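Q: Sharing a structure with you now.
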Amino acid sequence: MDGYRRSFSRFELKYLIRYKDYLFFRDVIRNYVEPDPYCDREGFYKISSLYYDSPDYLCFWEKIEGLKFRRKFRIRTYDNDDSRMGFMEIKQRIDRTLQKRRTRVPLDVARNYVDDVETSPYRPGEDRVLDEIFYLVKSQLLEPRMVISYQREAFMGIYESGLRITFDHRCKYRDKELEIGGIFDEGKYFLPPELAIMEIKFNEVVPLWLCSYLNRLECRVQRISKYCTAVEAAVYGGQI
């Protein structure tokens, strides 16, 4: 399993943009980026993630309250990957730095690693990521809460190592029937479909050419979390 383990730290900026601004950005960045090789012929791939949270939605409230250090656990699948496999991930934020740790496991047993102690194939010490996930699940009483699905268009920097720009469309959630293997288009919108989430991931600084385009459209950084936006809509009726 060690060959599938990954850990990395980066900075991330998010913007909520209208469709016409998305078209503008997609056009002007083409001289600086290239499509992610994992995209399909139309330039997209689909992501589906099962998020875990405590009975009192601790992960949700840590984000809402703006804690500088917070962690979330999710199981993630991609429609361009082996449908039998998924990723068990910890997404961690320390102030402005984003860190992800994940390990790849068979999808049909992914939830068994943490949902059922008696039948779990998890063995302490076999994988550091799984050790941390197991600790979080048990210490915070985490349980499956929400499936988040969306269509992603992704680009990688040609000249800036580590630059990645993504546009997420058709953002939906399901708080029932929480299976994720191969199911990407079901659920309710937690954002109007005419809006997209633009994410800029980088290692050190945002390139000047990109800053100029962001300023031109007066884009403002948004503290948007797909999971938290869905929980707010589904659990709290958008009243937060």
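Q: Quick check on this structure: which one of VAL221, VAL231 is over 19 Å from GLU153 (Cβ atoms), among the hydrophobic types (A, V, I, L, M, F, W, C) and at pLDDT 95 or above? Write out each step before concluding.
A: Values: VAL221 fails: at pLDDT 95 or above.
Going through VAL221, VAL231 in turn, just one is over 19 Å from GLU153 (Cβ atoms), among the hydrophobic types (A, V, I, L, M, F, W, C) and at pLDDT 95 or above: VAL231.
Q: Check ARG223, ARG123 and return the single one that is surrounded by fewer than 17 Cβ atoms within 10 Å (Cβ to Cβ), without any contact (Cβ under 8 Å) to a residue 24 or more places away in the chain, in a loop (DSSP other than H, G, I, E, B) and at negative phi.
A: Details: ARG223 fails: without any contact (Cβ under 8 Å) to a residue 24 or more places away in the chain.
Testing whether each residue is surrounded by fewer than 17 Cβ atoms within 10 Å (Cβ to Cβ), without any contact (Cβ under 8 Å) to a residue 24 or more places away in the chain, in a loop (DSSP other than H, G, I, E, B) and at negative phi leaves just ARG123.
Q: Anything in the stretch 194-220 that is within 18 Å of the chain's Cα centre (by Cα) and either of a type outside the set (Gly, Ala, Ser) or assigned to a loop (DSSP other than H, G, I, E, B) (or both)? List them, or say none.
A: Going residue by residue through the stretch 194-220, those that are within 18 Å of the chain's Cα centre (by Cα) are 195-203.
Within the stretch 194-220, LEU195, ILE197, MET198, GLU199, ILE200, LYS201, PHE202, ASN203 meet the criteria.
Q: Filter the stretch 78-117 down to residues that are under 20 Å from MET146 (Cβ atoms), aliphatic (A, V, I, L, M) and not in a strand (DSSP E or B), then give me how many there are.
A: Count: 3.
Q: Would you mind stating whether ILE180 is farther than 24 Å from TYR19 by Cβ, crowded, with 21+ Cβ neighbours inside 10 Å and under 15 Å from the mean Cα position of the chain (by Cα)? Break it down stepwise before answering.
A: Working: farther than 24 Å from TYR19 by Cβ: yes; crowded, with 21+ Cβ neighbours inside 10 Å: yes; under 15 Å from the mean Cα position of the chain (by Cα): yes.
Yes.
Q: Sticking with this one: Would you say ARG96 is closer than 23 Å to LEU67 by Cα and either surrounded by fewer than 17 Cβ atoms within 10 Å (Cβ to Cβ) or modelled with pLDDT under 85 (or both)?
A: Values: closer than 23 Å to LEU67 by Cα: yes; either surrounded by fewer than 17 Cβ atoms within 10 Å (Cβ to Cβ) or modelled with pLDDT under 85 (or both): yes.
For ARG96, the condition - closer than 23 Å to LEU67 by Cα and either surrounded by fewer than 17 Cβ atoms within 10 Å (Cβ to Cβ) or modelled with pLDDT under 85 (or both) - is met.
Q: Another question about this same structure. Considering only the stretch 101-112, state which residues are closer than 12 Å to ARG74 by Cα and either exposed (fewer than 13 other Cβ atoms within 10 Å of the Cβ) or modelled with pLDDT under 90 (or both).
A: ALA110, ARG111
The values are calculated or read from the model by the stated rules, or taken from the named source; none is laboratory data. Bear in mind the structure is a predicted one, so any value in this text is a computation, not a measurement. As a convention, Cβ positions derive from the backbone with ideal geometry for all residues, glycine included, and neighbour counts pool all protein chains shown.
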